[in-house]
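*Asks:* This structure is in structure tokens; I'll ask about it shortly.
The values are calculated or read from the model by the stated rules, or taken from the named source; none is laboratory data. What you see is a predicted model, and the numbers here were worked out from it, not measured in a lab. Don't worry about glycine lacking a Cβ; one is built from the backbone with ideal geometry, like all the others, and counts go over all protein chains shown. SASA here: full protein model, heavy atoms, side chains in, ligands and nucleic acids out. Shrake-Rupley method; radii C 1.70, N 1.55, O 1.52, S 1.80 Å.
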Amino acid sequence: MSHSFEEKTFGHLTYCDNCKQLLWGVRKQGLQCKGCGYTCHRKCTSTAAKCTSPPRKFLDDTKNDSRAENYLRQLKQKTTVVSGSQSESGSPSSSSSSSSSSSSTDSTVASEDSTFKSLCAIATSSKFQTILADAVINDEEPTNEYLASQAALNPNVTTKNFTRFVSRCGPVFAFRDELLWLLSWKDRVDTFVSMIFYCIVCIYPKLLFFIPQIIIIYYILSNHTNKKQKSKKKDSPTLKEKKVEPVSSTSTKRSTDDKQSTSTSEGSSLPFTFNLSTLFQPSSDASPQYLKNMKNIQNTMGEFCDMYDWITLQSKHFNWSSEAETVRILQAIFFSSIFLGLILYFIPINMIFLYSGLMVYGTNTRFAKYMLRELQPYMFQSGRKKVEGLKEWYLSLESKLEDCEHLKEISVYENQRWWPLQGYMHEMIEGDRSAWSDFTGAVYMPIITEIPAPKGYQWKNTSEWVLDKSGPWIDDYLGIGGWVYSDNNWNIHATSIKPVDDIAKEQHKETMTRRRRWIRECEKV
């Protein structure tokens with residue numbers, strides 16, 4: 001077994017166990033093994049003897065002062081006392097049990113290298129059980145280590161961290177700019193490749209798990225190409241020094257400008273300019289990248305504040321300052337949620353992302369941008385008219401519902417039965433419906449002149465009890481509104497039948513009873 005060395009400072013003269021020489025120095029004179037205490041020079045570690053300490057098992061330490069471990073120790077003592085009494089009663093089989101236990105221990109030692117048995121040993125170890133018991137009986141209040149480790153407000157720390165943040169936030173804004181350029185079809189090949197990749201990911205969404213690996217591979221390969229280029233520059237033969245005539249400063253400026261222009265043109269002609277190897281490098285305070293990051297941070301803060309102010313301005317629609325408007329918004333959210341749920345139920349989510357992404361790619365083409373810019377005023381105008389018309393329809397519907405709640409129509413049915421030689425009268429047979437009732441005839445109601453208004457309502461001043469002369473309450477034979485004829489059990493068979501048969505001079509069986517509907521409007525108090 002190999003040693004686990006650590007540097008150690010000895011307070012007295014100590015000699016190396018390997019070369020038997022003195023360990024020189026004031027502090028950290030040599031190394032000492034944590035397990036067996038073997039001491040040696042740093043140079044003698046390669047030729048040191050093997051460690052003689054027994055291997056430590058997992059979760060093996062000397063801390064035995066927890067409440068759970070004391071409780072487990074007491075249980076173990078009780079079980080050992082019970083097992084000892086049982087072994088004394090069955091002494092003839094003790095030798096066989098000891099031999100079997102020795103053989104079993106040999107077999108377990110031989111199979112300790114297997115992963116499954118090592119996990120079982122960890123799970124059944126007393127220390128692991130102690131940790132589980134401590135976790136169960138732990139009554140400490142939960143704390144968040146991240147929030148607890150936050151540093152206090154300090155101007156120096158703020159300045160330092162802000163400078164570090166500015167110098168390191170370049171990749172975020174570079175990724176944003178690259179994404180916007182891709183969507184703007186600046187380089188059609190790159191945009192087309194990204195669109196194909198997006199479609200593949202939408203069709204096979206499990207490929208998203210491979211994106212971190214792809215980014216790391218691309219980063220490693222870009223670093224490898226940069227390393228090769230640097231090695232080629234170092235290995236290139238140096239030219240002999242030649243006497244060069246002095247050149248004016250204007251010519252040097254022109255040459256440097258030409259070099260910069262050629263380098264930028266070469267860089268722009270590359271298919272993929274998003275170089276990760278040079279991107280993840282902190283920029284210095286005086287570099288142009290640092291100033292560019294400062295500008296991006298400034299603009300981002302302004303955009304965030306504008307968005308925050310707009311959300312705060314729109315919050316008046318949601319804080320019940322106008323109860324009717326907030327209720328309408330809740331209703332719109334409810335119905336839109338039902339519509340969205342139906343869409344998500346019938347259309348797969350990856351197809352929704354696919355069509356949405358393709359729409360974003362399509363609307364960012366030059367043709368689509370030009371068409372949208374030209375048609376935008378007309379689209380806004382027609383859309384505003386549609387929204388206003390929908391709003392007027394909704395308000396009219398809401399007003400009708402409010403009127404229905406404010407106004408209420410009371411219906412009372414007058415019932416009559418045919419009596420020979422007397423005609424239709426309000427007199428009913430035993431067990432029949434009353435002369436005045438509701439639609440079913442089961443609820444008794446007084447005569448219309450004595451019916452009060454419902455609770456919370458009053459009779460409308462301009463309304464009186466009138467006959468309902470619309471719908472089924474029209475006598476097709478007489479051509480007037482009012483009575484509807486039925487048989488002896490108040491079942492309607494025919495609406496256009498003469499009550500009395502002219503030939504037999506008798507009442508028809510289908511017209512033995514009749515009823516009509518009286519209505520009156522009442523309004524809420």
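*Asks:* Being open to solvent by 60 Å² or more (accessible area, probe 1.4 Å), among the hydroxyl-bearing types (Ser, Thr, Tyr) and in contact with a Phe, Trp or Tyr (Cβ under 8 Å, 6 or more places away or on another chain) is the filter here; which residues of the stretch 312-344 pass it?
*Replies:* The answer is none; no residue qualifies.
*Asks:* Considering only the stretch 1-42, state which residues are part of a loop (DSSP other than H, G, I, E, B), aliphatic (A, V, I, L, M) and surrounded by 11 or more Cβ atoms within 10 Å (Cβ to Cβ).
*Replies:* Met1, Leu23
*Asks:* Name the one entry in Val387, Val443, Val360 that is among the β-branched types (Val, Ile, Thr), open to solvent by 70 Å² or more (accessible area, probe 1.4 Å) and within 41 Å of the chain's Cα centre (by Cα).
*Replies:* Details: Val443 fails: within 41 Å of the chain's Cα centre (by Cα); Val360 fails: open to solvent by 70 Å² or more (accessible area, probe 1.4 Å).
None of the others qualify; the one that does is Val387.
*Asks:* Are any residues in the stretch 178-212 open to solvent by 90 Å² or more (accessible area, probe 1.4 Å) and assigned to a helix (DSSP H, G or I), and if so, which ones?
*Replies:* Passing the criteria: Leu180, Trp181, Arg188, Val189, Phe192, Phe197, Lys206, Leu208, Phe209, Phe210.
*Asks:* For a quick check of your reading of the model, give me the residue pairs whose first member lies in the stretch 359-376 and is farther than 17 Å from Arg188 by Cβ, whose second is open to solvent by less than 90 Å² (accessible area, probe 1.4 Å), with beta-carbon atoms closer than 9 Å and at least 6 apart or on different chains.
*Replies:* Going by the 9 Å Cβ cut-off, the qualifying pairs are Leu372/Thr363.
*Asks:* List the number of the failed condition for Val157; all other conditions in (1) at pLDDT 80 or above; (2) loosely packed, with under 11 Cβ neighbours inside 10 Å; (3) assigned to a helix (DSSP H, G or I) hold.
*Replies:* Failed condition: (2).
*Asks:* Evaluate the following for Asp438: is it closer than 22 Å to Thr513 by Cβ and modelled with pLDDT under 85?
*Replies:* No.
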